[in-house]
Amino acid sequence: MISSKARITAFGAYVPERQLTNHDLEKMVDTSDEWIIQRTGIKKRHISAVKEFTSDLAVKAIENLSQSSGKIIKDVDYIIVATFTPDFYTPSCAALVQRALGLPKTVGVLDINAACAGFVQGLFIANSFVTSGLAKKILVIGAEVISKIVDYADRNTCVLFGDGAGAALVERDENEPGFLAGYYGSDGNGGEKLYCSGLATSINGTKFHKQKYIWQDGRSVYNFAIKTVPHGMRELLKNAELSIDDIDWFVPHSANMRMIQFICKELKFPFEKTLTSLVEFGNTSAATIPLAIWLAEKNNKIKKGDIFALYGFGGGFNHAGIIFRF
Ligand code: ACO
């Protein structure tokens, strides 16, 4: 169990208007709707406008959170944005969000980069800050514009990724704290299997396959995930002193439906109790988990008191899981 005096009180999300379907991709690269659905489960993804960036999506996700939950966000004291596609090296997306929302100068701002585990890592930080008394009310956002670093001539990557943002509000609650347990880990040797080049000229001694665009060895990433997540989930449940049957909703990072089905089978967890966002939105990295919860909330699937297990994994490699009561 982890120490907590905090709980998640609301979710919100936003995806850009433009949609890119599998049939659209058939006209761009040598692929097919059938191949993409069979190998990944993805049907379409949303693509940001030319001048629409991660901070713009984050702001809209927060506005949606506020409108749909009636929560006031003018008194938040910290903003954490998880992304690996920030608008700039500096200033941070979180600082851009503070300005765009007209929030006071007392608000703390922080971007984190943990790729597809970023939203869960952001929740770790928010729980710690609120529990320690450093903050009372924190916005955690997972937001990405991956389409801007995708090579639309590379069928290995362009069919997978999309753009979107999801937000959660973490508030102090000493009487009914929500965070129950966490688990995390990393393997930096996986860096060259999934990357987007930056200032350096090679990765782990290997020359980049592609400059400027996201590149991955899909099979290696797949194998990393199907080994790491079932083990991580078992450790996470042990830390929470819960069994898999206690979990109402499992929300793994939405990268690939076959991967998620395999993980559920390994864990003997019913696939119907899994929340995903990849069919509609593709892999939106740090945003897939909050988008999946937002979709479930829209469909009236979830209720107060439900126990969620979230598990993010991706570039680094790194992974992180969290269990909370909503
Ligand atoms: N359309 C048609 N054929 C394709 C496509 C495509 N879009 N992409 C690859 N192929 C071909 C390959 O060239 C290969 O052809 P060959 O046998 O003639 O060489 C064949 O399909 C099989 O390729 P594999 O890579 O073996 O296919 P696989 O079943 O592994 O599926 C996939 C590929 C979907 C990428 C899978 O490996 C995967 O999902 N991996 C995980 C990826 C992931 O989740 N990455 C993101 C992590 S999150 C983050 O941090 C950003």
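Considering region 97-115 alone, what residues qualify as being within 16 Å of the ligand (Cβ to nearest atom) and either β-branched (V, I, T) or surrounded by fewer than 24 Cβ atoms within 10 Å (Cβ to Cβ) (or both)?
I112, N113
Just give me the residues in region 16-27 being open to solvent by 40 Å² or more (accessible area, probe 1.4 Å) and within 28 Å of A58 (Cβ to Cβ), in sequence order. Walk me through it before giving the result.
Here is the first cut: in region 16-27, the ones open to solvent by 40 Å² or more (accessible area, probe 1.4 Å) are 17-19, 21, 23-24, 26-27.
Across region 16-27, the qualifying residues are E17, R18, Q19, T21, D24.
When residues of region 267-323 are filtered for being farther than 22 Å from N113 by Cβ and touching a Leu at 6+ places or on another chain (Cβ under 6 Å), how many remain? Even if it seems obvious, please write down each step before you answer.
Within region 267-323, the first condition is being farther than 22 Å from N113 by Cβ, and the residues that meet it are 267-276, 279-280, 294-309, 323.
This time we only want the ones that are touching a Leu at 6+ places or on another chain (Cβ under 6 Å), so: 296, 323.
Result for region 267-323: 2.
Restricting attention to region 116-160, and to residues there that are in a strand (DSSP E or B) and buried (at least 24 other Cβ atoms within 10 Å of the Cβ), which single residue is nearest to the ligand (Cβ to nearest atom)?
Of the residues in region 116-160, the ones in a strand (DSSP E or B) are 137-145.
Imposing the further condition that a residue be buried (at least 24 other Cβ atoms within 10 Å of the Cβ) reduces the set to 138-145.
Values: I138: 24, L139: 22, V140: 18, I141: 17, G142: 12, A143: 14, E144: 9, V145: 13 Å.
Among those that are in a strand (DSSP E or B) and buried (at least 24 other Cβ atoms within 10 Å of the Cβ), it is E144.
How many of the residues in region 251-278 are open to solvent by 10 Å² or more (accessible area, probe 1.4 Å), assigned to a helix (DSSP H, G or I) and away from the ligand (no atom under 14 Å from the Cβ)?
6
Take region 171-222 and flag every residue that is surrounded by fewer than 19 Cβ atoms within 10 Å (Cβ to Cβ), away from the ligand (no atom under 16 Å from the Cβ) and of a type in the set (G, A, S).
Residues satisfying the conditions are A200, S202, G205.
Does K227 satisfy the condition of being open to solvent by 50 Å² or more (accessible area, probe 1.4 Å), assigned by TED's automatic domain parsing to the domain that holds E266, within 16 Å of the ligand (Cβ to nearest atom) and not in a helix (DSSP H, G or I)?
On the way: open to solvent by 50 Å² or more (accessible area, probe 1.4 Å): yes; assigned by TED's automatic domain parsing to the domain that holds E266: yes; within 16 Å of the ligand (Cβ to nearest atom): yes; not in a helix (DSSP H, G or I): no.
When the stated conditions are applied, K227 does not pass them.
Of all residues in region 236-250, count the ones that are touching a residue at least 60 places away in the same chain (Cβ under 8 Å) and open to solvent by 10 Å² or more (accessible area, probe 1.4 Å). It would help to see each step written out before you state the result.
Narrowing region 236-250 to residues touching a residue at least 60 places away in the same chain (Cβ under 8 Å): 236-237, 239-242, 246-250.
Imposing the further condition that a residue be open to solvent by 10 Å² or more (accessible area, probe 1.4 Å) reduces the set to 237, 239, 241-242, 246, 248-249.
The number of residues fulfilling the criteria is 7.
K43: closer than 16 Å to F161 by Cβ, open to solvent by 30 Å² or more (accessible area, probe 1.4 Å) and either charged (D, E, K, R) or out of contact with any Gly (no Cβ under 7 Å at 6 or more places or on another chain) (or both), yes or no?
Working: closer than 16 Å to F161 by Cβ: yes; open to solvent by 30 Å² or more (accessible area, probe 1.4 Å): yes; either charged (D, E, K, R) or out of contact with any Gly (no Cβ under 7 Å at 6 or more places or on another chain) (or both): yes.
Spelling it out, K43 is indeed closer than 16 Å to F161 by Cβ, open to solvent by 30 Å² or more (accessible area, probe 1.4 Å) and either charged (D, E, K, R) or out of contact with any Gly (no Cβ under 7 Å at 6 or more places or on another chain) (or both).
Can you tell me which residues in region 279-317 are touching a helix residue (DSSP H, G or I) at 6+ places or on another chain (Cβ under 7 Å), open to solvent by less than 10 Å² (accessible area, probe 1.4 Å) and more than 16 Å from the ligand (Cβ to nearest atom)?
A309 - this is the single residue of region 279-317 that is touching a helix residue (DSSP H, G or I) at 6+ places or on another chain (Cβ under 7 Å), open to solvent by less than 10 Å² (accessible area, probe 1.4 Å) and more than 16 Å from the ligand (Cβ to nearest atom).
Kindly indicate whether G321 is on the phi < 0 side of the Ramachandran plot and either part of a loop (DSSP other than H, G, I, E, B) or within 16 Å of the ligand (Cβ to nearest atom) (or both).
Details: on the phi < 0 side of the Ramachandran plot: yes; either part of a loop (DSSP other than H, G, I, E, B) or within 16 Å of the ligand (Cβ to nearest atom) (or both): yes.
In short, yes.
The values are calculated or read from the model by the stated rules, or taken from the named source; none is laboratory data. These numbers were taken from a predicted model, which means no experiment stands behind them. Cβ atoms come from the backbone with ideal geometry, glycine included; neighbour counts cover every protein chain shown. The accessibility values were calculated without ligands, DNA or RNA, using every heavy atom of the protein model including side chains. Shrake-Rupley method; radii C 1.70, N 1.55, O 1.52, S 1.80 Å.
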